[in-house]
Amino acid sequence: MKAEYLKYILDFNQPSGTSRGILTTKETWFLILKGENNFGIGECGMLRGLSIDDRSDFEEKLNWVCDNISLGLNYLQGELISFPSIRFGLEIAFLDFYSKSPFVLYPSCFTKGKDSIPINGLIWMGEKSFMKDQIKRKIKMGFKCIKIKIGAIDFQTELNLIKYLRNEYSKDSIEIRVDANGAFSPKDSLEKLKRLSELDLHSIEQPIAPGQVELMAQLCEKSPIPIALDEELIGINDVTKRLNLLQIIKPAYVILKPSLLGGFASCQSWINLAKKESISWWITSALESNIGLNAIAQWTHSLNVSCPQGLGTGKLFSNNIVAPLEINSGRLLYLPSKKWKLNF
């Protein structure tokens, strides 16, 4: 087996806003394994400013992995604790390398095109008219769960926007989730949660920045809206520390992103701990190309999920990898009749 990597720049179809800024491009790295008769490809989807492996020696570590690929998956993953996206990309690449069919990592009725995964429709931050247009399109596409990024524009404008959606659709017809990406300040976070609670929301992700454990615990206790942890989970690898975090904060949900948390085994560890604490969860992609999204979707389906997952990012990029992933009526499908095309 030989290994190499390729850096690839994904271009957004249109600038996409978060509380951390406007995104126009997204770097990613493909890890490619080659054997005499086998080929495998994984994606190391590091996110600038968020991933713990956003560091100057990232590509140096990728080179090291390629030079030492003969040491095997288990050994290499043990050396990549501080590089979760590389750890995940390596996991995908090995799964693909040893799969019976290219890109089919977890064979199932999903990969046969006979089942689908419920997903949320993602609404990016921007001007009110832009966000309203996104909402209208998602509803028209058949989504029953809408996730709205908040925290970058005026809070009252965001409230008015959600109120517009809720006035048009009851909570029984459309589920609304919001994601603050840690944008609320500690002093007014509870007041904002109270105002948002008037709009029959399903949940809010990461209202305040991570690392404020006691304050987050207080918010989870007092908030009239169920709180989901997202960024709070990044970089916590010890099982005891993970359990301690969940027991102190007591969130309603945890959001699991394999690229940020170190892969499927790491996410499964969080799921096992969450179940012990009666905490619910769902899986979310993290702006990977269709290489990473495909792997995450197949693994997610194997977990027998029923609530909407955050896997609707495949149409964000103008130069995404051509894949048999499709979205129909708010569900993600894999259509085996359509072919993959590696455009690099």
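The values are calculated or read from the model by the stated rules, or taken from the named source; none is laboratory data. No experiment lies behind these values; they were computed from the predicted model shown. Glycine also receives a Cβ, built like all others from the backbone with ideal geometry; neighbour counts cover every protein chain displayed.
Scanning region 160-213 for residues that are part of a helix (DSSP H, G or I), buried (at least 17 other Cβ atoms within 10 Å of the Cβ) and of a type in the set (Val, Ile, Thr) returns a single hit, Ile162. Looking at region 251-344, the strands (runs of 3 or more DSSP E) lying wholly inside it that each contain 2 or more residues that are buried (at least 17 other Cβ atoms within 10 Å of the Cβ) and of a type outside the set (A, V, I, L, M, F, W, C) sit at 331-334.
Put simply, of Cys220, Cys145 the only residue that is farther than 30 Å from Asp54 by Cα, modelled with pLDDT of 95 or more, of a type outside the set (Ser, Thr, Tyr) and in the same structural domain as Gly312 (by TED's automatic domain parsing) is Cys145. What do you reckon, is Leu47 in a loop (DSSP other than H, G, I, E, B), aliphatic (A, V, I, L, M) and touching a Leu at 6+ places or on another chain (Cβ under 8 Å)? So Leu47 passes the test. Looking at the structure I just gave you, is Ile248 touching an Asp or Glu at 6+ places or on another chain (Cβ under 7 Å) and either at pLDDT below 95 or not in a loop (DSSP other than H, G, I, E, B) (or both)? No; evaluated as a whole, the condition is false for this residue. Only one entry of Leu62, Leu33, Leu71, Leu90 meets the criterion of being out of contact with any Phe, Trp or Tyr (no Cβ under 9 Å at 6 or more places or on another chain), surrounded by 21 or more Cβ atoms within 10 Å (Cβ to Cβ) and not basic (Lys, Arg), and that entry is Leu90. Looking across Ile327, Ile279, Ile321, one residue alone is over 30 Å from Arg137 (Cα atoms) and either in contact (Cβ under 8 Å) with a residue 60 or more places away in the chain or over 17 Å from the mean Cα position of the chain (by Cα) (or both). It is Ile279. Checked against the criterion of being out of contact with any Ser or Thr (no Cβ under 6 Å at 6 or more places or on another chain), of a type outside the set (Val, Ile, Thr), in a loop (DSSP other than H, G, I, E, B) and more than 22 Å from Asn294 (Cβ to Cβ), the candidates Glu60, Glu36 yield just one match: Glu36.
Contact annotation: residue pairs with Cβ atoms under 8 Å, 6 or more positions apart or on different chains, pairing a residue in region 228-250 that is without any contact (Cβ under 8 Å) to a residue 24 or more places away in the chain with a partner that is assigned to a helix (DSSP H, G or I), are Ile236/Arg242; Ile236/Leu245. Any residue that is out of contact with any Asp or Glu (no Cβ under 8 Å at 6 or more places or on another chain), without any contact (Cβ under 8 Å) to a residue 24 or more places away in the chain and not in a helix (DSSP H, G or I) - is there at least one of those in region 81-96? Looking for residues that are out of contact with any Asp or Glu (no Cβ under 8 Å at 6 or more places or on another chain), without any contact (Cβ under 8 Å) to a residue 24 or more places away in the chain and not in a helix (DSSP H, G or I), one finds none in region 81-96, hence no.
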